[in-house]
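The structure appears below as structure tokens.
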2 protein chains.
Amino acid sequence: MRTYLDCLPCFLRQALDVTRLIGADEELSERILRDVLQTASKMDYSQPPPVMGKYIHRLVRDSAQAPDPYASLKQSFNSMALRVYPELADMVRQADNPLEAAVRLAIVGNLIDFGTASGVSEEQVQREVDQALDNPFQGDVASLERAVAQADSILYLFDNAGEIAFDRLLLDLLPLERVVGVVKPSPIINDATLEDARACGITDMIPVVDTGSDAPGAVLEDCGEEFLRHYRRADLILAKGQGNYEALSHMEKNAFFLLKAKCSVVAADLGCTGGTMVLTRSGGSDS
Amino acid sequence: MRTYLDCLPCFLRQALDVTRLIGADEELSERILRDVLQTASKMDYSQPPPVMGKYIHRLVRDSAQAPDPYASLKQSFNSMALRVYPELADMVRQADNPLEAAVRLAIVGNLIDFGTASGVSEEQVQREVDQALDNPFQGDVASLERAVAQADSILYLFDNAGEIAFDRLLLDLLPLERVVGVVKPSPIINDATLEDARACGITDMIPVVDTGSDAPGAVLEDCGEEFLRHYRRADLILAKGQGNYEALSHMEKNAFFLLKAKCSVVAADLGCTGGTMVLTRSGGSDS
């Protein structure tokens with residue numbers, strides 16, 4: 001997905017959010033915002049938005065010497081998600097369609113995102129969990145089921161810390177011997193790193209590699225060779241979250257994207273209303 | 001009021017709103033947005049926000065050759081406001097405190113603002129009218145009453161088209177022989193010009209001059225000599241709307257500002273919650 005002009009105010013909002021989170025003083029905040037404005041004025045808008053997200057958050061980390069601004073938020077949402085996991089696993093087991101329930105709950109976990117909105121609370125996540133099986137959902141779960149059955153090699157691109165514990169519900173229903181997981185190599189917003197994958201038990205289930213890029217979404221031009229090998233080899237991509245959707249939705253690759261449409265730009269690109277839980281396919285044809 | 005960093009996303013939103021309103025194509029919209037980003041990156045943030053508002057809307061008018069993008073919206077809200085005026089005049093007459101009712105309704109009219117929000121509908125205005133006497137209001141009407149009684153010369157700075165018909169309710173209670181009204185000299189967003197003052201019957205009540213500036217708020221450095229003479233001479237300023245509050249709230253002048261706190265930055269500056277109807281004083285001391 002390209003960068004739309006509507007993404008521009010949001011870039012500034014993101015920069016403001018993170019300068020506040022790290023408690024930057026007025027002078028540093030102003031310097032960061034002026035830099036973001038300047039850079040956004042020259043950006044190639046045919047690039048996906050995570051390219052700018054990477055720039056903003058790297059700028060803040062470097063200029064404020066704050067290597068991991070979202071560290072404590074990530075830990076707290078990992079704990080929260082692990083705490084509710086047993087209850088969610090019960091919901092999946094008791095559902096009429098366990099795969100759809102797992103897909104829905106994995107998407108609910110995508111609410112734990114400090115890039116697209118100005119924060120989310122544990123209470124909001126709990127409310128969405130309670131409504132997960134009833135809230136608006138757009139997608140063809142049977143088609144995902146067929147694609148999984150036919151795939152020899154599945155690459156699962158994780159999105160955020162905390163959210164990855166919700167992803168376990170879906171992993172529980174996948175042929176794990178054919179799945180490799182992908183996290184970020186280093187802190188970017190609240191995206192999951194290897195540390196979070198360990199904390200949430202993912203590394204006990206599947207091999208986990210990283211994108212080799214600190215963009216908040218797998219922008220291929222920026223990814224490392226190890227990830228690219230896995231990406232090329234995989235015959236099915238399952239990608240979580242807006243960042244990965246923005247980075248990969250235009251690629252010719254057999255992929256399903258699982259995300260909550262949290263901003264109006266992505267909702268418009270997906271042709272749904274804001275807030276919808278979406279399972280959408282791109283690339284390879286259905287069978 | 002200075003330009004806060006939180007104003008920056010809003011500048012871009014304003015630019016997006018107006019490029020869409022005029023139906024600018026993607027290429028022109030992109031050029032405008034890049035220019036706004038570039039200019040905002042270098043702006044002196046000690047200046048009030050209307051300085052940037054002026055720049056954005058002048059840029060759009062010039063580069064799109066759209067001299068008055070909000071013309072039809074202004075006309076339609078003038079008509080709407082004139083249509084409801086008799087009913088509002090009844091509300092004022094029947095109120096326990098007619099001056100407070102007129103102040104509240106004049107502030108409700110300030111909702112008709114296409115600068116701060118992405119549009120407002122006639123239905124929203126009508127809903128606010130219905131709740132005008134009950135909704136949260138912050139201000140000391142008795143102090144306004146005393147200031148008016150003591151003033152030899154009152155300058156009434158109007159804000160938006162449509163809204164000025166609501167201002168008539170307050171003008172009806174003022175000593176009109178001592179009041180001069182102020183509009184904008186040329187189109188800027190949906191701010192009232194002399195044409196709107198005529199359409200809404202204001203010119204039949206009081207002399208009307210203009211600021212001599214196409215900023216959406218009376219930024220003194222940018223105003224014309226005629227306006228400045230009136231401003232210096234007046235011993236009481238009544239100023240409507242966020243733009244005038246932003247431009248003048250830090251001045252040493254006996255002034256009352258009447259506005260709806262429509263954005264979080266202005267609400268924070270005023271120390272109230274968003275949406276509050278505010279009558280606030282600056283400059284000269286109370287008596």
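Yes/no per residue for (1) modelled with pLDDT of 95 or more; (2) of a type outside the set (A, V, I, L, M); (3) open to solvent by 10 Å² or more (accessible area, probe 1.4 Å):
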residue: A:LEU155; (1), (2), (3): yes, no, no
residue: A:ARG168; (1), (2), (3): yes, yes, yes
residue: A:PRO207; (1), (2), (3): yes, yes, yes
residue: A:THR211; (1), (2), (3): yes, yes, no
residue: A:GLU221; (1), (2), (3): yes, yes, yes
residue: A:HIS230; (1), (2), (3): yes, yes, yes
Single match in A:ILE189, A:ILE202 (criterion: crowded, with 22+ Cβ neighbours inside 10 Å and either at positive phi or not assigned by TED's automatic domain parsing to the domain that holds A:GLY109 (or both)): A:ILE189
Residue within the stretch A:114-121 that is within 19 Å of A:CYS272 (Cβ to Cβ) and either of a type in the set (Asp, Glu) or not assigned by TED's automatic domain parsing to the domain that holds A:THR273 (or both) present: no
Unmet requirement for B:LEU21, which otherwise passes all of (1) within 30 Å of A:GLU27 (Cβ to Cβ); (2) open to solvent by 10 Å² or more (accessible area, probe 1.4 Å); (3) of a type outside the set (Ser, Thr, Tyr): (1)
Residue tally, condition touching a residue at least 24 places away in the same chain (Cβ under 8 Å), within 8 Å of another protein chain (Cβ to nearest Cβ), assigned to a helix (DSSP H, G or I) and open to solvent by less than 30 Å² (accessible area, probe 1.4 Å), over the stretch B:1-18: 2
Odd one out for B:ALA197, checked against (1) open to solvent by 30 Å² or more (accessible area, probe 1.4 Å); (2) under 23 Å from B:PRO86 (Cα atoms): (1)
Of the criteria (1) modelled with pLDDT of 95 or more; (2) under 18 Å from the mean Cα position of the chain (by Cα), which one A:GLN38 fails: (2)
Output for the stretch B:29-51, where each listed residue is of a type in the set (A, V, I, L, M) and either more than 11 Å from every other protein chain (Cβ to nearest Cβ) or in a loop (DSSP other than H, G, I, E, B) (or both): B:MET43, B:VAL51
Looking only at the stretch B:44-70, and only at residues there that are farther than 17 Å from A:LEU37 by Cα and among the hydrophobic types (A, V, I, L, M, F, W, C), the one that is surrounded by the fewest Cβ atoms within 10 Å (Cβ to Cβ): B:LEU59
Where a residue in the stretch A:217-237 is free of Cβ contacts under 8 Å to residues at least 40 places away in the same chain and under 20 Å from A:ARG2 (Cα atoms) and its partner, wherever it lies, is open to solvent by less than 10 Å² (accessible area, probe 1.4 Å) and not small (Gly, Ala, Ser), with Cβ under 7 Å and at least six apart: A:CYS223/A:THR211
One residue from A:GLN94, A:GLN75 being more than 20 Å from the chain's Cα centre (by Cα), assigned by TED's automatic domain parsing to the domain that holds A:GLU123 and surrounded by fewer than 17 Cβ atoms within 10 Å (Cβ to Cβ): A:GLN94
B:VAL18, sole failed condition from (1) at pLDDT below 95; (2) within 17 Å of the chain's Cα centre (by Cα): (2)
Residue list for the stretch B:121-152, filter: under 21 Å from B:TYR85 (Cβ atoms), among the aliphatic types (A, V, I, L, M) and open to solvent by 20 Å² or more (accessible area, probe 1.4 Å): B:LEU133
Long-range neighbours under 7 Å by Cβ, at least six apart or interchain, first residue within 14 Å of B:PRO48 (Cβ to Cβ) within the stretch B:246-266, second of a type in the set (Phe, Trp, Tyr) and outside any helix (DSSP H, G or I): B:SER249/B:PHE257; B:VAL265/B:TYR4
Condition check for A:ILE22: touching a helix residue (DSSP H, G or I) at 6+ places or on another chain (Cβ under 6 Å) and either in the same structural domain as A:ASP222 (by TED's automatic domain parsing) or hydrophobic (A, V, I, L, M, F, W, C) (or both): no
Lone unmet requirement of (1) touching a residue at least 24 places away in the same chain (Cβ under 8 Å); (2) more than 9 Å from every other protein chain (Cβ to nearest Cβ); (3) not β-branched (Val, Ile, Thr) for A:SER79: (1)
Any hit, the stretch B:59-71, residues being over 30 Å from B:ALA199 (Cα atoms) and within 14 Å of another protein chain (Cβ to nearest Cβ): no
Which listed residue, of B:ALA247, B:ALA268, is out of contact with any His (no Cβ under 8 Å at 6 or more places or on another chain) and surrounded by fewer than 24 Cβ atoms within 10 Å (Cβ to Cβ): B:ALA268
Residue tally, condition closer than 30 Å to B:LEU16 by Cβ and open to solvent by less than 10 Å² (accessible area, probe 1.4 Å), over the stretch B:79-88: 2
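The values are calculated or read from the model by the stated rules, or taken from the named source; none is laboratory data. This is a predicted model, so every value here is computed, not measured. Note that we place each Cβ from the backbone using ideal geometry, even for glycine, and neighbour counts take in every protein chain shown. Surface areas here come from the heavy atoms of the whole protein model, side chains and all, with no ligands, DNA or RNA. Shrake-Rupley method; radii C 1.70, N 1.55, O 1.52, S 1.80 Å.
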